[in-house]
1. Pull up all non-local amide H partners of Asn343: gap of 5 or more, or a different chain, and H-to-H distance under 5 Å with H placed in the peptide plane.
2. How much length is gained on full extension from Val52 to Asn280, taking 0.36 nm per residue of separation minus their Cα-Cα distance?
3. Taking the solvent-accessible surface of protein heavy atoms with a 1.4 Å probe, what is the per residue accessible area of the stretch 201-269 in Å²?
4. Using the Karplus curve 6.51 cos²θ - 1.76 cosθ + 1.60 with θ = phi - 60°, what ³J(HN,Hα) values do you get for each residue of the stretch 281-290, in whole Hz, with x for Gly and Pro?
5. Express the accessible area of the stretch 123-190 per residue in Å², computed with a 1.4 Å probe while the remaining protein chains stay in the model.
6. Over the stretch 169-262, consider all pairs of different Cα atoms and compute the Kirkwood hydrodynamic radius from their mean reciprocal separation; express it in Å, one decimal.
7. Report, in degrees rounded to the nearest 10, the 0 to 90 angle that the Cα long axis of helix 193-205 makes with the longest principal axis of the chain.
8. Throw me the Rg/Rh for the chain, computed over C-alpha atoms with Kirkwood Rh, two decimals.
Amino acid sequence: MARVKSGFRKRFNIRYWRWLAARATIGRISLLRRRFSFYPRGVDPEIAATLVIEDRKAEMATSFTPEECAFVRDRCWPYDTLAREWRGGVTVPVQELALTISPAELLGHVSRVFAPDREGVVIRDVEWVNWNFARAKRLRVLPALAGRCHLLARTDNYYHALFEDLVPVVNYLERFHPKGMPLTLLLPPSRLESLNLGCALLEQAYPGVRVIAMPDDAKVAVEEALWLSFDAGNAEWSFADAAPVERLADLFRAHYGVPAGRGRRIFFSRGNSKIRRLLNEDALWDIARGHGFERFEAKGDNHAEQVRLFSQADAVIGVHGAGLGNLAFCRPGTQVIELFPANFTKSTYLWLSRRLGLDYSWLIGEPGDYDQAFALNENLLRDKLESLPPSS
């Protein structure tokens, strides 16, 4: 997210022109589109739907204070992904969709649902999809799958895996899915062991759920594809109702044997990460340590410790990044202090904290460099920590 490409760089590169050439040739011939699984046309899920399970449109309270509204509107909106117009009101229009598409084809190379009857890739509000969702590739054909199937997104981003893959599935299973009815979750290749584990935990917890691998060089016809989406006019504002988040958190806690507890204070380090590194982390850590904080760095092999620490935390300090997805495991009332460079402020975790009942605040440092490495004024952190209530 730090390296924002200019319009010139996006358009004047070989990959872009190769994609345009494919759209002008393969994309215009039906036989070639099928052979190379290349579908540059988008179709809205509501148009492609066979069965609408839920279509909830509502004005959702942001639960932001006036100061938070101003922060989001004036500071975060330029950096939030796909953020539409919002004037800082106390509510935001949302739409939550759960529907099925039948018949359907699941495309591994782009992790998308294709609606054959509509000759389009299922996607919200896009008539012509870009190269992320339409690529020309010869795919292996897997045996067709009966019953209801749900294709998870291909992601190596921890936050997206939790809140855009696993939590919506838990919400659907808890609220809508007939008990015991088969549901196949197709899992694309991921380096995130936590995502693979989360799917395995769902398979264990819900009778009828099974998880199978979805290779990225294959496609499969399914009897019924499940589509789940949440739209609040800002891609940073993911679906995050407290009940399914807590249910998922409990599954992870039970798996790891995390005991109940409170009182931990976590200084969440990004270590030697190239992106958004704190240039004066050691000095900030000295201040935090004096207020009872322990420094912790998330790694691929310490997910159990991540779940345990965040579950037992009274306070968390961390730079904006996917690792703060671990706020899913925090108890209501946990103090969250998010750190930003001045030129990269996002509302992702403010939104999440308000959904989960966390006590959120932020501190803004100096402008970051190309990789968003930045320094934070030490007095800002010192003053903030001195105002925190004592740990329980």
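The values are calculated or read from the model by the stated rules, or taken from the named source; none is laboratory data. What you are looking at is a predicted structure, and each value in this text was computed from that prediction instead of being measured. FYI the Cβ positions are ideal-geometry reconstructions off the backbone, even for glycines, and counts take in every protein chain you see. Quick note on the areas: whole protein, heavy atoms, side chains included, nothing else; ligands and nucleic acids left out. Shrake-Rupley method; radii C 1.70, N 1.55, O 1.52, S 1.80 Å.
1. Answer set, sorted by chain and number: Gly368.
2. Computed gain between Val52 and Asn280 is 76.9 nm.
3. That works out to 38 Å² for each residue.
4. Listing the rounded values in order: 4, 4, 5, 5, 5, 4, 5, 5, 4, x Hz.
5. Dividing the accessible area of the stretch 123-190 by its residue count gives 47 Å².
6. 15.2 Å
7. Helix 193-205 sits roughly 70 degrees off the main axis of the chain.
8. Computed over Cα atoms, the ratio is 0.98.
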